[in-house]
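> What follows is a structure written as structure tokens; I'll ask about it next.
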Amino acid sequence: MPSPRRAAQAPYAPLAAHLARLRKDARLSQRALASAAAVSRGTIQNAESGTSAPSLSVLDAILDACRASDHARHDAHTLRDRGRTASRDRTVIAPGTQFIYGRGALAAVLASFYEKAGAPSPTAFTRPLAGLTPIPRTTLYNIVNRRRLPATEEQLATFLAVCRVKPSDRAHIHQAWRGFRVFPHPKPPTHRARTPGPRRRP
């Protein structure tokens, strides 16, 4: 896989080099690739210059036109995610998924996966693939900003699927979420008012 160089001025440089290499391996000119992918030549030039990242639909069209292998596709999506994460410059410190011992830790884990996934478009959550439960935009905002957890386990599953979280991590996260739903925050103890006793005479 290409080296994940994360230059602050060119966060998409690794992706650009990867796409240019795929095009050359396919023996396509930029013009021919643009025609095959049904995009403008300027879009191809921007993608290969590293000035910006193509949208997911455009990226998939480019990969299709280059007849990229599954491995090359995975690399392209990973490099795009890393570029978006670097350009956002929002690193979230979170524990490993097997060490989630509080709601705050779970919230940090979810926000961390969102950033690692390159901050997917809200549409990917509000209009997810078939079989997934939509997440309202306000709920998504609260999740990624660590204000609230997903309201339902179906919303949690959608969030993890869109962020492409590994199955092993998903299992830990679901287990933690269920635990916090079953055992909510304990209420603060209530102290009964003490009945004043008889005053002592001096």
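> Can you send over the carbon and sulfur percentage of the accessible area for region 36-173, probe radius 1.4 Å, protein chains only? Please list the in-between numbers first.
Numbers: 3660 of 7180 Å².
Here it works out to 51 percent.
> Right, something else. If you bin every alpha carbon distance in region 69-163 into 5 Å steps from zero, what whole percent lands in each bin?
For region 69-163, the pair-distance distribution reads 2, 14, 22, 24, 20, 13, 4, 1, 0.
> For the chain, what is the accessible area per residue in Å², given a 1.4 Å probe and the full set of protein chains? If you can, show how the numbers build up before the last one.
Numbers: 12960 Å² over 202 residues.
That works out to 64 Å² per residue.
> If you don't mind, there's one more thing I want to ask. Two decimals is fine: what's Rg over Rh for the chain, C-alpha atoms, Kirkwood radius as Rh?
Numbers: Rg = 23.9 Å, Rh = 19.6 Å.
Reported Rg/Rh, Kirkwood definition of Rh: 1.22.
> Find the relative contact order for the chain and round it to a whole percent, using C-alpha pairs within less than 8 Å whose residues are 6+ positions apart.
Working: 214 pairs, mean separation 32.9, N = 202.
Answer for the chain is 16 percent.
> A further question on this structure: Hey, what number do you get for the chain at 222 nm if only DSSP H runs of n ≥ 4 count, each worth -39500 (n - 2.57), divided across all residues, to the nearest 500? Show your work: numbers first, answer last.
Details: 10 runs with 112 residues, N = 202.
Calculated at 222 nm, the ellipticity per residue is -17000 deg cm²/dmol.
The values are calculated or read from the model by the stated rules, or taken from the named source; none is laboratory data. Because the structure is a prediction, the values reported are computed rather than measured. The area values use the complete protein model at the heavy-atom level, side chains included, leaving out ligands, DNA and RNA. Shrake-Rupley method; radii C 1.70, N 1.55, O 1.52, S 1.80 Å.
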